[in-house]
Every structure is written in structure tokens, then in C-alpha cells.
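Engineer: Please read through the structure below; I'll follow up with questions.
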Amino acid sequence: MIPALTTGSGATDALLVVAPLLAPLAAAATAAVLRWRLATGLVTIGAAGIILATGITAATRTIDGTALTIGDWLRVDALTALMLIVIGAVGLIATCAGLGHLDGELERGHIDDTGAHLYSVLVPLFLAAMVLAVLANNLGLLWAAIEATTIVTAFLVGHRRTRAALEATWKYVIICSVGIALAYLGTVLVHYAAQQAGVAEHGSLDWTQLSAHAEDLDPGVMRLAFALLVLGFGTKAGLVPLHSWLPDAHSQAPAPVSALMSGVLLPVAVYALLRYRVIAMASISPGFVRALLLTIALASLLLAASLLITQRDYKRLLAYSSIEHMALVIIGVAIGTRLAIAAALLQIVGHGISKATLFCGAGEILSRTGTTSIAEVRGLLTRAPVLGGAFALGLAALLGLPPFSLFISEIGLVRAGLTAGLGWAMAVMLVLLLIVFVAIAVKASGMLFGEPTTQPRPTVRTVAALPFATAAPIIAGLGVVATLGIVDWPLGPLLHSASLIAGTP
């Protein structure tokens with residue numbers, strides 16, 4: 001059951017709730033009217049900045065336990081504020097990189113003006129859908145928002161309209177549609193359980209009400225509902241068994257879109273499970289909840305570790321790494337203590353920003369080498385020091401090396417697991433993480449230090465040619481992840497408040 005909260009509903013509080021949603025919608029409308037140009041790109045960057053700014057402001061308002069609401073539909077608490085910060089930060093990196101990406105795609109003839117127009121409209125709509133998902137207090141609205149992300153991103157994955165991109169799009173649509181259908185069935189069962197328990201006059205999907213009366217819900221119905229929800233939203237998070245869309249979609253989507261999908265879309269699906277876990281822990285056996293989540297998480301981690309060993313494509317390498325990190329987050333959710341939830345949320349922040357910088361960097365590598373083959377990209381540190389250095393630091397952050405925040409979050413997960421009596425699970429996790437570390441490090445070493453290829457491909461541009469709009473957010477993002485690994489403030493208190501909402505003592 002969630003702790004007692006003070007509710008804020010003044011005009012300023014209402015603005016904090018709706019502004020992060022209205023800003024990207026306004027950017028999409030602007031792009032629809034003006035089509036692709038620098039001005040519309042800047043408006044989208046501004047919308048991402050507004051999401052980040054309102055997330056930070058909302059964090060200051062909710063860190064003491066206050067919840068900002070608009071009716072029964074929209075709600076901002078500390079957990080929501082943290083997710084808004086992640087969406088805004090990753091959105092800023094991706095939209096800034098998108099300026100150079102679209103110009104390069106147009107210059108090389110990979111897309112036409114219509115494709116650029118579609119991209120400029122869909123990216124802010126994607127941001128809006130993810131913002132709506134984390135703002136939703138009604139679980140039906142949460143499901144609808146995550147379904148909307150599937151519709152929007154389907155067109156973005158197939159943006160180039162090549163055979164591989166269209167194949168990845170159909171695979172994404174079909175598998176995620178199955179997943180979202182399972183989540184819908186789970187949502188219907190939750191509504192039925194609420195109706196039978198008399199939570200509201202006609203049943204309710206209000207998260208606040210369901211959390212407060214979770215003990216009254218039928219355990220049998222809720223057990224089935226939670227299993228369906230884990231499978232359904234787990235599909236969107238890239239977890240087994242319905243994970244196979246992820247490497248194809250991430251490898252074929254434009255680099256900034258891959259950054260958004262990996263850095264934000266996957267965590268938003270995990271966020272949905274985190275909200276449902278609060279209800280499930282009080283309505284059904286906590287042992288069932290933990291066992292189900294832990295089984296899927298460890299299976300996903302095993303899958304990622306196995307497939308990372310054999311990867312020959314650096315974008316797919318990053319995609320399988322996303323499965324690995326979502327599995328770690330779910331391990332934290334499975335443990336469920338406040339320390340574990342705080343560590344899982346820090347993992348979301350660190351992974352989101354790090355992966356955004358890496359996918360945007362991967363896009364720059366692709367535009368300069370013309371290949372995504374690991375074997376054909378060599379000597380990046382020599383040929384493009386800033387690009388190669390940023391990519392190397394991003395990989396170091398992703399592998400959990402100090403001083404980056406992922407080192408702290410993974411240590412926190414191990415501590416929480418040992419404290420909860422899950423030493424065997426932590427041992428399995430650490431062994432698999434060692435395999436992941438070796439697999440990525442070996443493949444990355446050739447890209448960074450190997451002898452440059454002699455094949456007749458376009459040369460890597462010099463450091464001077466690296467667009468400022470791409471270099472600045474990548475470097476800034478790496479700086480943020482490093483800072484969060486060194487100092488507790490200002491994110492520490494917010495993580496504590498969010499863990500009080502979703503975690504158990």
C-alpha cells in the first residue's frame with residue numbers, strides 16, 4: 001500500500017502536470033504545419049527541454065510525498081517526476097542529434113522531404129505518448145498510451161523504407177501487438193477484480209484507489225492478471241519470451257529513434273509493471289510476484305549474455321545490451337525493497353542517458369563508415385578522437401565501470417539481493433554480467449583500437465566535422481552519468497521518495 005500523500009491541485013500544480021504533455025503535442029502540430037526545417041527541429045528540442053524542466057520542477061514539489069493531480073486521470077508523484085526527467089534528458093539528446101541526422105539522410109538521398117516531414121511530426125508524438133504513460137493515474141489510460149507508442153514508432157522504425165527496415169517494422173508491430181493484447185487482457189481482469197471488490201461503484205482502474213484497496217481484490221483473478229501484465233508489458237520492455245522484435249527494430253530505426261526506444265520506451269514499460277507491482281504485492285502472494293519477475297529477468301539476462309557473444313553488428317550489440325539492462329531493472333523490481341527499487345530506478349536513469357549517447361554515436365559512425373559491421377569499423381580513437389572517445393566512455397558507462405552511475409546502481413542491486421536472501425540469484429547475475437562485460441569489451445576494442453580498414457568505404461570524418469548539435473548533448477550526457485556516480489545530490493532524495501511509493505521496507 002502506498003504511503004499517505006498530500007495532494008496538490010492548484011493552478012501552478014496543474015500546469016506542471018499538463019505542460020510536459022502539451023509541449024510535444026504543440027511541437028508535433030508545428031512540424032505538421034511548417035514541415036521539416038531547422039525551426040521545427042528547434043521547437044522539438046524545446047519541447048524535450050520543457051519535459052526535462054517540468055520533471056525537475058515537479059521533483060521539487062513531490063519529493064516530500066506530495067502528489068499533483070488533475071481529476072482521477074493524471075497524477076505526478078516522485079516516481080512520475082523521475083520518469084519525466086529521464087524522458088526529457090534522453091529526449092534532449094535524441095532531438096539534438098536528430099538535426100544532423102535528418103540533414104545527413106536528406107543529403108545522401110536516403111529519405112525525401114516527405115520522409116523528413118513524417119519524422120519531424122512523429123518524434124514529438126512519440127515523446128507525448130511516453131509522457132502520457134507516466135502521467136496516467138488511470139491504468140486504462142496507461143495501457144492506451146503505451147499502445148500509442150507502438151503505433152507511432154512503427155512508422156519510425158521503417159523510416160528508410162528499405163526491405164530490412166520494413167521487415168523489422170512488421171516484426172515489431174506483430175509481436176508488440178500480441179504483447180499489448182496480453183496487457184489489455186490483464187487490465188480487463190484488474191478492472192473485473194476491482195468491480196467485484198466494490199473498489200468503485202462500477203469498478204475502477206484508478207491506480208490510487210486500487211493501491212489503497214488492493215487487499216480486497218480477488219487473489220486468483222489478480223494472479224492471472226499480473227502474469228498477463230508481466231508478459232504484455234514485458235514484451236514492450238524487450239523481455240523474454242516476446243523479445244525478438246527489439247534487436248531488429250533498434251538496428252533499423254534512425255539512431256535518434258533507437259536512442260528514444262532504448263533509453264525511454266523500454267523503461268516506460270517497466271514503469272507500468274512497477275505500478276502494477278504495488279497492487280499485486282498486497283493482493284496476491286509476494287512470493288509469486290517475486291518468483292515470476294525474477295524468472296523472467298534472469299532468463300532475459302541469460303539470453304542477452306548469450307547473444308552478445310555472437311554479435312557482429314554494433315547497433316544490434318547495443319540492442320541486446322538494452323535487454324540486459326532491463327533485466328537488471330526487473331531484478332530490482334523483483335527484490336522489491338526500497339534499496340532495490342532505488343537501485344533499479346538509478347539503473348533506468350544511467351542506462352537511458354548512456355544508451356542515448358551510444359546510439360547517437362553509433363549513428364555518427366554509420367554515417368561516416370557506411371556499415372554497422374563491427375569487423376569493418378576500426379581505429380575510431382585514431383581517426384575521430386572525439387567521436388571515438390565519446391563512444392568509448394559511453395561503453396564504459398554501460399559496462400558499469402566507475403565513476404559512472406551504473407556502477408553504483410549495480411552494486412545497490414547486489415546489496416539489496418543479498419539482504420533479501422537472494423544470494424543465489426545475485427551469483428547468477430554477476431556471472432552473466434561478467435560474460436556481458438567480456439563480450440562487449442572484446443568487440444569494442446577492435447572498433448576503438450584496431451587497425452583502420454583498407455576497404456573502399458567513406459572515411460571517418462575528423463573531429464572538426466562532428467556536428468556540435470550531436471557532440472554537445474553526447475558529452476553533456478556522459479558528464480551527467482559520471483556526476484550521478486560520484487555525488488548523491490540532487491537525485492538521491494528523489495530516488496528515496498520514489499522508492500517509498502513503489503518499494504517495501
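Engineer: Kindly list the number of the only condition in (1) among the aliphatic types (A, V, I, L, M); (2) open to solvent by 10 Å² or more (accessible area, probe 1.4 Å); (3) in contact with an Asp or Glu (Cβ under 9 Å, 6 or more places away or on another chain); (4) under 23 Å from Trp245 (Cβ atoms) that fails for Leu106.
Structural biologist: Of (1) among the aliphatic types (A, V, I, L, M); (2) open to solvent by 10 Å² or more (accessible area, probe 1.4 Å); (3) in contact with an Asp or Glu (Cβ under 9 Å, 6 or more places away or on another chain); (4) under 23 Å from Trp245 (Cβ atoms), only one is false for Leu106: (4).
Engineer: If you take just the helices (runs of 4 or more DSSP H) that sit entirely in segment 233-286, which of them hold at least 3 residues that are β-branched (Val, Ile, Thr) and at positive phi? Outline the logic, then answer.
Structural biologist: Details: elements: 245-252, 255-260, 266-283.
Once the helices (runs of 4 or more DSSP H) in segment 233-286 are filtered for at least 3 residues that are β-branched (Val, Ile, Thr) and at positive phi, nothing remains.
Engineer: Now, a different point. How many residues, within segment 330-371, are basic (Lys, Arg) and open to solvent by less than 10 Å² (accessible area, probe 1.4 Å)? Steps first, please.
Structural biologist: Within segment 330-371, the subset basic (Lys, Arg) is 338, 355, 368.
In the following step, the residues that additionally are open to solvent by less than 10 Å² (accessible area, probe 1.4 Å) were identified as 355, 368.
Matching residues across segment 330-371 total 2.
Engineer: I would also like to ask the following. Collect the residues in segment 221-255 that are at pLDDT below 95 and either over 17 Å from Ser300 (Cβ atoms) or open to solvent by 10 Å² or more (accessible area, probe 1.4 Å) (or both), keeping them in residue-number order.
Structural biologist: Passing the criteria: Val240, Pro241, Leu242, His243, Ser244, Asp248, Ser251, Gln252, Ala253, Pro254, Ala255.
Engineer: Follow-up question, since we're still on this one. From the list Ala136, Ala145, which residue is touching a strand residue (DSSP E or B) at 6+ places or on another chain (Cβ under 9 Å), open to solvent by less than 50 Å² (accessible area, probe 1.4 Å) and free of Cβ contacts under 8 Å to residues at least 24 places away in the same chain? Outline the logic, then answer.
Structural biologist: On the way: Ala136 fails: free of Cβ contacts under 8 Å to residues at least 24 places away in the same chain.
Going through Ala136, Ala145 in turn, the sole match is Ala145.
Engineer: Picking from Glu324, Glu364, which residue would you name as being among the acidic types (Asp, Glu), closer than 30 Å to Arg275 by Cα, part of a helix (DSSP H, G or I) and in contact with a Leu (Cβ under 9 Å, 6 or more places away or on another chain)?
Structural biologist: Values: Glu364 fails: closer than 30 Å to Arg275 by Cα.
Within the list Glu324, Glu364, the selection yields Glu324.
Engineer: For segment 397-414, enumerate the residues that are within 10 Å of Val481 (Cβ to Cβ) and open to solvent by less than 30 Å² (accessible area, probe 1.4 Å).
Structural biologist: Listed by number, the residues that qualify are Ala397, Leu398, Phe404, Ser405, Leu406.
Engineer: From (1) surrounded by fewer than 24 Cβ atoms within 10 Å (Cβ to Cβ); (2) more than 21 Å from the chain's Cα centre (by Cα), pick out the condition that doesn't hold for Ala280.
Structural biologist: Condition not satisfied by Ala280: (1).
Engineer: Is it true that Thr60 is touching a residue at least 40 places away in the same chain (Cβ under 8 Å) and among the β-branched types (Val, Ile, Thr)? Break it down into steps so the answer makes sense when it comes.
Structural biologist: Values: touching a residue at least 40 places away in the same chain (Cβ under 8 Å): no; among the β-branched types (Val, Ile, Thr): yes.
No.
Engineer: Is at least one residue of segment 157-164 at pLDDT 90 or above and among the small types (Gly, Ala, Ser)? Give the steps one after another, and end with the answer.
Structural biologist: To start, the set of residues in segment 157-164 that are at pLDDT 90 or above comprises 157.
With among the small types (Gly, Ala, Ser) added as a condition, the list becomes none.
There is no residue in segment 157-164 that is at pLDDT 90 or above and among the small types (Gly, Ala, Ser).
Residue by residue, here is whether (1) under 30 Å from Asp206 (Cα atoms); (2) among the acidic types (Asp, Glu); (3) open to solvent by 20 Å² or more (accessible area, probe 1.4 Å); (4) modelled with pLDDT of 95 or more holds:
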| position | (1), (2), (3), (4) |
| --- | --- |
| Ile2 | yes, no, yes, no |
| Ser9 | yes, no, yes, no |
| Thr12 | yes, no, yes, no |
| Leu22 | yes, no, yes, yes |
| Ala27 | yes, no, no, yes |
| Leu34 | no, no, yes, no |
| Arg37 | no, no, yes, no |
| Ala47 | yes, no, no, yes |
| Ile51 | yes, no, no, yes |
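Engineer: Check every one of the helices (runs of 4 or more DSSP H) wholly within segment 103-218 and list those with 3 or more residues that are among the small types (Gly, Ala, Ser). If you could, list the steps in order and put the result at the bottom.
Structural biologist: Numbers: elements: 113-135, 139-157, 163-197, 207-212.
The qualifying helices (runs of 4 or more DSSP H) are 113-135, 139-157, 163-197.
Engineer: Could I ask something else about it? Quick check on Ala319: is it surrounded by 20 or more Cβ atoms within 10 Å (Cβ to Cβ), touching a Pro at 6+ places or on another chain (Cβ under 7 Å) and aliphatic (A, V, I, L, M)?
Structural biologist: yes
Engineer: Now, a different point. Out of the residues in segment 38-86 that are among the polar types (S, T, N, Q) and within 18 Å of Ala97 (Cα to Cα), state the one that is nearest to the chain's Cα centre (by Cα).
Structural biologist: Within segment 38-86, the first condition is being among the polar types (S, T, N, Q), and the residues that meet it are 40, 44, 54, 57, 60, 62, 66, 69, 80.
Now drop any that are not within 18 Å of Ala97 (Cα to Cα), which leaves 40, 44.
Working: Thr40: 25, Thr44: 19 Å.
The residue in question is Thr44.
The values are calculated or read from the model by the stated rules, or taken from the named source; none is laboratory data. Computed from a prediction, not measured in an experiment: that's the story for all the values here. Cβ: placed from backbone, ideal geometry, glycine included. Neighbour counts: every protein chain shown. With ligands, DNA and RNA removed, areas are computed over all heavy atoms of the protein, side chains included. Shrake-Rupley method; radii C 1.70, N 1.55, O 1.52, S 1.80 Å.
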